[in-house]
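Take a look at the structure below.
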Amino acid sequence: MMRRRTLLTGLAAAAIAPTAPRLARAASPPPLRIGVLNDMSGVYADYQGIGSVIGAQLAVADFGALPGGRAIEVLSGDHQNKPDLGASIARRWIDTEGVDMILDVPNSAVALAVAEIVREKNRVMIGSGAGTDALTGKACTPTFVHWTYDTWEAGHALGRAVVAQGGRKWFFLTADYAFGHVLEDSMAEAVKAAGGTVLGQVRHPLGTADFSQYLVQAQASGADVLGLANAGGDNTNTLKQAQEFGLSRTMRMAGPVVNINAPQALGLAAMGGILMVTPFYWDRDEACRAFARRFQAKHPRRNMPNDMQAGCYSATLVYLATIAAGGGKSDDGEAVVAAMKRRPVHDPLFGTTEIRTDGRALHPVYLMQAKTPAESKGDWDFFKLLSTLPADQAWRPQQDGGCKL
């Protein structure tokens, strides 16, 4: 819609002033373009997909115009969870379509490939759906910001919390690619450090439909916690089939990247009181509720926003404010990201946020538990807050990441 409106505005101006079209075109700066790159049709489509595009569009609408009346456009692309396709879209966007910032990029393998292209082309990438902590570790670049969550934070925060509640013997069910591997490692490290043990793990391909063979192995392991190192539709299918197997009667479920999409699809009974960590929950306070109502009104299925979709909103606002304040030209990504790191903000959705030298956005994180059906007061009332982790406790210490910056 943004591109259509911009085109129509340009045509109208040309019709009104036909005697000076060449001068008008020369004086008008090219639009600033934001490309939301994610899975629009596959296993992560509900978790990012159109919702991330809506988040960016709401941010553009709230921000208004850039200095000089420069237009802002939001594009979207479907990487289909293929690193080569994601890289190809990123190159085309930057080289031929004038995209200045690439946003979201779930699937860690895709995110790592795109981050390197963005560095090479000196534009900006902000990861909201991207998970791997390597993006602010050994694979960090001066043109990348990791906004919403990462595997170190999610795994360590949840692993510590569950062991503290008595869940000491773990078995992991893990998506077999970079994101899942790193998430499992993070949880396992936290579990062992807290005095728990890991009894085993099994890995599944992305987009698995039948988890029965993996759940049988988990059930036979003797573990009392099933750690879900997967996300999106894989996560939802795991929970559904675990409920059918009756695993929740003998094992506690721990899902570092579980969010509101799972109980909406399955119902709260299937969640079994699962524990999760998140930096955003739509019903946390009035600012979050106000944003969520606007988001829901635009969403084709009237979904509420999850943390990654809210992250696309907040990150876009901060990016645009940095450009407007003279924090570098949009075609100089390194200068823009450097300016973003100098501008701590109080974000209405994520709280006070500071971007560290390695590109990690620091904000509080919340430990939450799925409600029982009896506790829920209505649609989308899915989780209750157990505790708040301040930013200085939630994220990996910068010196431990290995970032060359």
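Computed from the coordinates by the stated procedures, all read-outs in this text should not be read as laboratory data. Small disclaimer: the values here were computed from a predicted structure and weren't measured. Neighbour counts are summed over all protein chains in view; Cβ atoms, including those assigned to glycine, are modelled from backbone coordinates with ideal geometry.
Rounded to the nearest Hz, the phi-derived 3J(HN,Hα) couplings of the range 373-385 under the Karplus curve 6.51 cos²θ - 1.76 cosθ + 1.60 (θ = phi - 60°) are x, 5, 7, 6, 9, x, 4, 6, 8, 10, 10, 10, 7, where x marks glycine and proline.
Here the range 295-345 and the range 165-229 have alpha carbon centers that stand 34 Å from each other. Pairs of Lys residues in the chain that lie 8 or more places apart, or on two chains, and have C-alpha atoms under 21 angstrom apart add up to 13. Between residue 398 and residue 91, the modelled label-to-label distance comes to 3.4 nm, taking each label 7 Å out from Cα in the direction of the beta carbon.
Would you kindly work out the equivalent ellipsoid of the range 42-96 from its C-alpha gyration tensor and give its semi-axes, the square roots of five times the eigenvalues, largest first in whole Å?
Numbers: eigenvalues 126, 59, 5 Å².
So the three semi-axes of the range 42-96 are 25, 17, 5 Å.
Considering the range 107-185, its Cα convex hull presents a mean projected area of 5.4 nm². Note that the range 228-245 has calculated 3J(HN,Hα) couplings of 9, 9, 8, 7, x, x, 4, 5, 4, 5, 4, 5, 4, 6, 5, 5, 5, 6 Hz, one per residue in order, obtained from phi through the Karplus relation 6.51 cos²θ - 1.76 cosθ + 1.60 (θ = phi - 60°); glycine and proline are x. Residue ranges 315-324, 161-170, 256-265 sort as 256-265, 315-324, 161-170 when ordered by packing (mean number of other C-beta atoms within 10 Å per residue, highest first).
I need to check one value: relative contact order of the chain, counting alpha carbon pairs closer than 8 Å and at least 6 residues apart, in percent. Over the chain, the number comes to 17 percent. Centroid-to-centroid, using Cα positions, the range 349-402 and the range 100-138 are 21 Å apart.
Relative to the present Cα-Cα distance, how much length would full extension add between residue 298 and residue 342 at 0.36 nm per residue of separation?
On the way: separation 44, 0.36 × 44 = 15.84 nm, distance 3.31 nm.
Full-extension gain reported as 12.5 nm.
For the range 188-193, the Karplus equation 6.51 cos²θ - 1.76 cosθ + 1.60, evaluated at θ = phi - 60°, returns couplings of 4, 4, 5, 4, 5, 5 Hz by residue, with Gly and Pro reported as x. Taking the chain as a Gaussian network of alpha-carbon nodes connected by springs under 10 Å, the highest mean-square fluctuation of the residues 145, 216, 336 belongs to 216.
How much length would be gained if the chain were fully extended between residue 168 and residue 194, taking 0.36 nm per residue of separation minus their Cα-Cα distance, in nm to one decimal? Once the chain is fully extended between residue 168 and residue 194, it gains 8.5 nm.
Partnerless cysteines in the chain, where a partner means another cysteine C-beta under 4.7 angstrom, comprise 288, 312.
A crude spin-label estimate for the pair residue 122 and residue 240, with each label 7 Å from Cα along the Cβ direction, gives 4.9 nm.
Determine the gain in length on full extension of the stretch residue 375-residue 216; use 0.36 nm per residue of separation and subtract their C-alpha separation, reporting nm with one decimal.
This chain segment gains 54.2 nm when fully extended.
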